[in-house]
Amino acid sequence: MPVQASGESLELSSTSDAPPGGALTIAYRAGSFLPKRLEAPAGQTVTFVNESDAPMWPASNIHPTHEILPGFDAKSPIEPGESWTFVFEEVGFWRYHNHLSPSESGIVVATGEPRTARAEPLLIDPRELTFEDVGAASAQDVIDLFRDDTLLNAFVKRYGPAATVRILSENAHSVGVDCHQRAHVMGRLAYEQFGAIAFSLSGHECHSGGYHGATEAFFRDRGTSHLQSDIGVVCGAGLNDFFRHQCVHGIGHGLMAWTSYEIFDALELCDLLGAVSDQQSCFSGVFMENVGGGLSGSMGHFSEFLSDDPHFPCNILDDRYVVPCYFFQSSRMIQVFGGDFERLAAACAEAPAVAHAVCFGSMGRDVGGVTRGDPERAIRLCSHAEDPANRLDCLDGAVQDSFWDPAGADNALGFCQTLEGDEEKRRCYSTIVERAGFVLDDTLALEGFCGRVEAGYRDGCGL
């Protein structure tokens with residue numbers, strides 16, 4: 001018989017109590033798939049029966065493109081009283097949703113020995129990749145990026161995933177479409193070109209659609225039957241700490257979407273990572289996706305872990321998740337407070353003491369996002385943090401937000417130069433010198449950067 005469980009085992013057993021042959025049934029009733037979890041041997045036929053008074057449309061995650069298991073897609077609504085059948089040939093965890101109401105979801109666990117060998121991840125050091133400066137894209141190119149996969153693929157290869165998704169985001173309104181679904185396609189193309197490092201090359205724009213698409217391509221490439229080992233090695237061991245964080249952070253985004261915004265399931269998958277630093281990076285992607293992706297209801301991504309309580313869901317989690325949760329919680333707080341950074345600072349001060357540094361650092365990242373190129377305003381907004389230590393954390397977060405790639409070096413240096421206090425300057429320069437060591441291309445570029453650091457604050461440069 002099929003097994004229905006409240007939790008999810010992350011290991012696939014080689015046997016199942018479900019009988020081979022004849023179809024098992026999943027009923028759709030009153031907006032729910034029953035059982036929500038069905039376990040059966042690979043090769044099993046499963047029939048989805050609509051026992052409700054509304055149409056349904058079962059389809060593989062991730063919504064809206066259904067690319068993790070592309071054949072698992074009814075392709076059209078199943079009317080009340082009708083049914084649709086699918087054979088789960090491949091071993092794996094196959095999450096699905098109702099395309100007409102994506103918050104309604106379930107999972108089929110196909111057990112047994114995998115039928116296909118796993119491919120090794122493609123590992124590329126991001127610093128070995130050279131992308132051209134995109135400049136100003138023509139109006140026609142922008143329009144074509146939304147409808148021409150060949151052009152989109154060439155754009156990703158030439159200018160890189162981050163620039164591509166930024167162009168999609170900046171022009172979605174003028175083209176008259178939401179860029180999330182197109183970013184899914186971009187993410188899949190990026191994975192096909194660059195392998196798992198696509199997770200660290202993409203940006204967060206378009207509600208993290210690039211991460212979602214890369215996750216779709218990853219699971220499509222390697223399946224879901226080896227989650228415990230695959231998630232741990234997907235980003236490889238050849239990256240520096242900064243790029244490895246970005247890669248695993250991107251995986252966290254994708255896992256949150258893949259689990260249909262079930263935050264506890266996503267965190268449990270992050271827990272499978274062996275290194276604590278990788279777990280923390282993965283957690284950060286999960287929590288950022290909860291805030292960013294979970295708000296994009298028009299794209300069918302819904303999270304039950306958002307509310308008007310500025311501390312939710314951090315205040316319902318186990319202690320080990322509280323600090324990483326607050327690392328992005330300020331982005332939810334500023335939404336709740338309507339852009340009022342004074343109230344945001346007060347809320348961070350109300351957080352558990354252990355989370356103060358990350359909450360105010362998160363506030364700094366949000367400050368940086370609205371004050372790009374205006375360090376004086378960023379400094380004023382961070383002054384809402386009354387405790388000097390918290391203010392330093394905010395300033396630290398703001399300057400980090402300005403320096404993700406070589407193009408941000410001037411803004412980062414200008415930020416530190418604008419600060420007046422010795423302690424603030426020392427913290428600021430220490431942060432950006434460390435970041436420069438990760439993102440600048442070569443020793444000559446790093447030496448040039450350090451030469452522009454104010455005298456007396458070059459300790460980390462070794463000059």
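The values are calculated or read from the model by the stated rules, or taken from the named source; none is laboratory data. As the structure is a prediction and not an experimental result, all values here were calculated from the model. Note: ideal-geometry Cβ built from the backbone for every residue, glycine included; neighbour counts use all protein chains shown.
On the phi < 0 side of the Ramachandran plot, surrounded by fewer than 23 Cβ atoms within 10 Å (Cβ to Cβ), in the same structural domain as ILE316 (by TED's automatic domain parsing) and within 30 Å of the chain's Cα centre (by Cα): is that true of GLY397 in this structure? Criteria not met by GLY397. Residues in the stretch 255-289 that are closer than 20 Å to GLU205 by Cα, out of contact with any strand residue (DSSP E or B) (no Cβ under 9 Å at 6 or more places or on another chain) and not β-branched (Val, Ile, Thr): LEU255, MET256, ALA257, SER281, CYS282, PHE283, SER284, GLY285, PHE287, MET288, GLU289.
Taken residue by residue, the stretch 106-116 has no member that is at pLDDT 90 or above and of a type in the set (S, T, N, Q).
Considering (1) exposed (fewer than 14 other Cβ atoms within 10 Å of the Cβ); (2) at pLDDT below 95, the lone condition that GLU39 does not fulfil carries the number (1).
Just for helices (runs of 4 or more DSSP H) wholly inside the stretch 145-199: which have at least 2 residues that are more than 21 Å from the chain's Cα centre (by Cα)? Steps first, answer last, please.
Values: elements: 149-159, 161-175, 180-194.
Correct list: 149-159, 161-175.
Against the list (1) outside the structural domain of VAL156 (by TED's automatic domain parsing); (2) modelled with pLDDT under 85; (3) surrounded by fewer than 19 Cβ atoms within 10 Å (Cβ to Cβ), the condition GLY236 fails is (1). Residue-level check: of (1) more than 29 Å from the chain's Cα centre (by Cα); (2) under 23 Å from CYS382 (Cβ atoms); (3) surrounded by 13 or more Cβ atoms within 10 Å (Cβ to Cβ), LEU446 misses just (2).
Pairs meeting the criteria (first residue in the stretch 128-155 and in the same structural domain as GLY213 (by TED's automatic domain parsing) and modelled with pLDDT under 90, second residue surrounded by 11 or more Cβ atoms within 10 Å (Cβ to Cβ) and of a type in the set (Phe, Trp, Tyr), beta carbons under 6 Å, at least 6 apart or on different chains) are PHE131/TYR159; GLU132/TYR159; VAL134/TYR159.
Looking across the stretch 430-463, just one residue is touching a residue at least 60 places away in the same chain (Cβ under 8 Å) and more than 17 Å from ASN411 (Cβ to Cβ), and that is ASP441.
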